[in-house]
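Worksheet for the structure shown next.
Laboratory data are not the source of any read-out in this text; all were calculated from the coordinates shown. Since we're looking at a predicted model, the values are computed, not measured. As a convention, Cβ positions derive from the backbone with ideal geometry for all residues, glycine included, and neighbour counts pool all protein chains shown.
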Amino acid sequence: MSGPRRVAWKLSGGSSLLWRRWNDEYVVHNAGSGDTHLLDLLAGEVLKQLEASSADAQGLTRRVASALELPADVVLVQHIEKLLADFDQLGLIDPDEG
Amino acid sequence: MTRLKTTIPSVVDSLALLYADFPLESPDGFADFHVRLTTPMGMRRWWRPQALFFFDDQSPFEPLPLRVAVPFLEWSLNWCVSHHAHQYLIIHAGAAERGGRALLLPAPPGSGKSTLCAALAHRGWRLLSDELVLVRPQDGRVTPLPRPVSLKERSIQVIRDYLPEATIGPATTDTRKGTVALVRPPRDAVARALESAAPAWIIFPSYQPQTRAQLEPLPKARAFLRIAESCFNYSLHGARGFELLAHLIDICDSYEFSYSDLDRAITLFDSIASA
């Protein structure tokens, strides 16, 4: 019997991100949509990781935990899953069907 | 440069009072905007008379009562700039200059921005603009637009009391913005209208009765979002607009500012200018 299907995510087609960071906050502009977003350190790192390559929540957790020196625990996974839902709603990311 | 045609007496008088220091160009010379403020033909010329604004022979607005023709012209000129001067990044803000450095005051209506601008303009700062800050994409400098400062409601008497030397036009009541009056820009501001300034401070003002004048540093990322929200054409400029605003945030100190007393506000601004 297989476990729940893991959804991999990627940056939305047509997205082109411009970044600026001041202290622990990012401002990121999506040239594709024209939207500009304010992200905290964690959200910014998640989106940067997805900009580099697609990943599911567990894979992102490992990569983000390593980048930010955080424990890769269930709390972080849940936080990242929430961020992915938010990014999906904002049109920043899409499921990676490939 | 604006070519304006009008025969409405109140507007002619207002121009003579508030724009007295502006140079008059040749009627055949180049103009950025060609505008007219007239009374409509027909019955509305005499019965409940109205004023009608034309931009390049198009009328973008419904007519307004003739008695509000003076502020109508100012609002229409603001519209001309905010909708057509897209060679600049346009921020809904006041601005003043001291020592070559510009203080930007992005703020929604009711924040006290214009009251502050009027006060600063007469207390050692050069008025750059009351309503629209024009930022040049090529170098991030502010191009002045030193037109009359528009005051509303209580701020009219505040400035009459605070600046008895200022020239303030007659008040127009019952406009869509309440009672409004215009303050003539200082002669020096008009004379130096071609002299740009480098942005140095972004201050988000908030008039709060009985509060001590207080500057609170604003994190830069948050200042970016706040000022982007105050831009008329940030989206139009796309990636270039993002880079330009980011540059502004990089080079400016950003603050939240609350105040209730103009003297204390100006003292605080003077102190950051001399720091």
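What translational diffusion coefficient, in µm²/s and rounded to a whole number, does the Stokes-Einstein relation yield for chain B at 4 °C and a viscosity of 1.567 mPa s, taking the hydrodynamic radius as the Kirkwood radius over Cα pairs?
Estimated diffusion coefficient is 67 µm²/s.
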| note | Heads up, segment B:73-225 by the C-alpha gyration tensor (a ≥ b ≥ c square roots of eigenvalues; a/c under 1.5 rounded, else a/b over b/c prolate, else oblate) looks rounded
| remark: Farthest towards the positive end of the dipole of segment B:109-240, among B:Ser235, B:Ile168, B:Ile202 and with Cβ unit charges of +1 on Lys and Arg and -1 on Asp and Glu, lies the Cα of B:Ser235
| Largest to smallest principal axis extent of the C-alpha atoms in segment B:12-52, angstrom | 36, 23, 13
| remark: The size of the Cβ-based charge dipole (Lys, Arg +1; Asp, Glu -1) of the protein assembly as shown about the Cα centre, to the nearest 20 debye, is 980 debye
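For the ranges B:133-144, A:67-78, what's the packing order if you count other beta-carbon atoms within 10 Å of each residue, average per peptide, and put the highest first?
Working: B:133-144: 18.5, A:67-78: 12.6.
Answer by packing, highest mean first, reads B:133-144, A:67-78.
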| field | Relative contact order of segment B:13-56, defined on C-alpha pairs under 8 angstrom at six or more residues apart (%) | value | 35 percent
| message | Starting from the 7 Å offset along Cα-to-Cβ, what nm value, one decimal, do you get for the label separation of A:Asp24 and B:Gln157? | response | 4.8 nm
| field | Using alpha-carbon coordinates, inclination of helix B:9-18 to the longest axis of chain B, degrees | value | 30 degrees
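When you look at the Cβ of every residue in B:244-257, what mean number of other chain Cβ atoms sits within 10 Å?
Values: counts 0, 4, 6, 1, 0, 3, 2, 0, 0, 0, 1, 0, 0, 0.
Mean inter-chain Cβ contacts per residue within 10 Å come to 1.
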| Within 10 Å of each Cβ in A:19-31, the average number of Cβ atoms from other chains | 5
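Taking the Cα centre of chain A as the origin, how large is its charge dipole in debye, to the nearest 20, when only Lys and Arg (+1) and Asp and Glu (-1) carry charge on their Cβ atoms?
On the way: 9 positive and 15 negative charges, 40 e Å.
Rounded to the nearest 20 debye, it is 200 debye.
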| Label points 7 Å out from Cα along the Cβ direction at B:Arg44 and A:Asp40: separation in nm? | 5.4 nm
| Gain in span if fully extended, B:Arg176 to B:Ser26, counting 0.36 nm per residue against the direct Cα distance | 50.5 nm
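Charges only on Cβ, +1 for Lys and Arg, -1 for Asp and Glu: so what's the dipole of chain B about the Cα centre, in debye to the nearest 20? The partial results should precede the final answer.
Details: 29 positive and 28 negative charges, 96 e Å.
It comes to approximately 460 debye.
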| said: Show me, for segment B:51-61, the HN-Hα J-couplings you get by feeding each phi into the Karplus relation (A = 6.51, B = -1.76, C = 1.60, θ = phi - 60°), rounded to Hz, glycine and proline as x. | reply: 10, 10, 9, 10, 10, 6, 6, 9, 10, x, 10
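Work out how much length B:Thr167 to B:Arg36 would gain on full extension: take 0.36 nm times their residue separation and subtract the Cα-Cα distance, in nm to one decimal. If you can, show how the numbers build up before the last one.
Working: separation 131, 0.36 × 131 = 47.16 nm, distance 2.52 nm.
Extending this stretch completely gives an extra 44.6 nm.
Per-residue mean of other chain beta-carbon atoms within 10 angstrom of the beta-carbon, peptide B:219-225? Each step should come with its number before you reach the end.
Details: counts 5, 6, 13, 4, 2, 7, 5.
Whole-number average of other-chain Cβ neighbours for B:219-225 is 6.
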| query | In sequence order, what are the phi-derived ³J(HN,Hα) couplings for segment A:72-80 according to the Karplus relation 6.51 cos²θ - 1.76 cosθ + 1.60 with θ = phi - 60°, rounded to whole Hz, with x for glycine and proline? | reply | 8, 10, 5, 5, 5, 4, 5, 4, 5
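Which percent, to the nearest 5, of DSSP beta bridges fully inside chain B are antiparallel? Present the calculation step by step, with values, prior to reporting the outcome.
Values: 35 of 51 bridges.
Expressed as a percentage, antiparallel bridges in chain B total about 70.
Between A:Ala52 and B:Ile251, what FRET efficiency follows from the Cβ-Cβ distance if R0 is 41 Å, with the result rounded to 0.05? Working shown, then result.
Values: r = 30 Å, r/R0 = 0.73.
Result of the calculation: an efficiency of 0.85.
Give the dimensionless ratio obtained when the Cα radius of gyration of segment A:4-98 is divided by 2.2 N^0.38 Å. Write down the numbers at each step before the final one.
Working: Rg = 12.6 Å, N = 95, 2.2 N^0.38 = 12.4 Å.
The value comes to 1.01.
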